[in-house]
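What follows is a set of notes on a single structure, which appears directly below.
The values are calculated or read from the model by the stated rules, or taken from the named source; none is laboratory data. Everything quoted here is computed from the prediction, not taken from an experiment. Cβ placement follows ideal geometry from the backbone for every residue including glycine, while neighbour counts extend to all protein chains displayed. All accessible areas refer to the heavy atoms of the entire protein, side chains included, with ligands and DNA or RNA removed. Shrake-Rupley method; radii C 1.70, N 1.55, O 1.52, S 1.80 Å.
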Amino acid sequence: MTSEQEQQLGVGTPDAFQRLWTPHRMAYIQGENKPSGPGADDGCPFCSLPARSDEDGLILRRGRRVYAVLNLYPYTGGHLMTVPYRHVADYTDLTTAETAELAELTQQAMTALRTASGAHGFNIGMNQGTVAGAGIAAHLHQHVVPRWGGDTNFMPVIGHTKVLPQLLADTRKILAEAWPASTSPSGD
């Protein structure tokens, strides 16, 4: 005898899997918060975020030229980005000072993530251009994605769903408190 749950009447082909609905992802799929064009005045969220409070903007750290912010659509808990304040699309267009501060905040992010969540490793990188996968190609941003042994479980692989154990506001608070003090001249 098959249970009603296993039959999944009316929801497609029965496959014996339960469904974990993530309606918040629809905002990303539908392009919410994406710029209308390539310019800084075309609704670029990376240009408008610094005007918000750290809590409202999910900003973790503000440097002189670059800031660190949680990803609104994270791959894992603690997924953050380092972003130059200046609206620039290509890594080769960064100044030497911007490049140095981007690297410094990335190092600090790794330290904070290890302290706050015990991350075992990281995926760090940027997608240059829409064809390379950049969701917002007009404003450069570098992803820092913490990883743990065994974190690629069945949910993202089979269920195409990411399970995040914490609200973004709570993650922001924990990481901001764990962020190391700046020790170089390019700091705050």
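Values for this structure:
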{"quantity": "Residue within segment 61-76 that is modelled with pLDDT of 80 or more, surrounded by fewer than 16 Cβ atoms within 10 Å (Cβ to Cβ) and over 22 Å from LEU140 (Cβ atoms) present", "calculated": "no"}
{"quantity": "Segment 114-133, subset aliphatic (A, V, I, L, M) and in contact with a His (Cβ under 8 Å, 6 or more places away or on another chain), residue nearest to ASP93 (Cα to Cα)", "calculated": "MET126"}
{"quantity": "Odd one out for LYS173 among (1) at pLDDT 90 or above; (2) open to solvent by 60 Å² or more (accessible area, probe 1.4 Å); (3) more than 16 Å from the chain's Cα centre (by Cα)", "calculated": "(3)"}
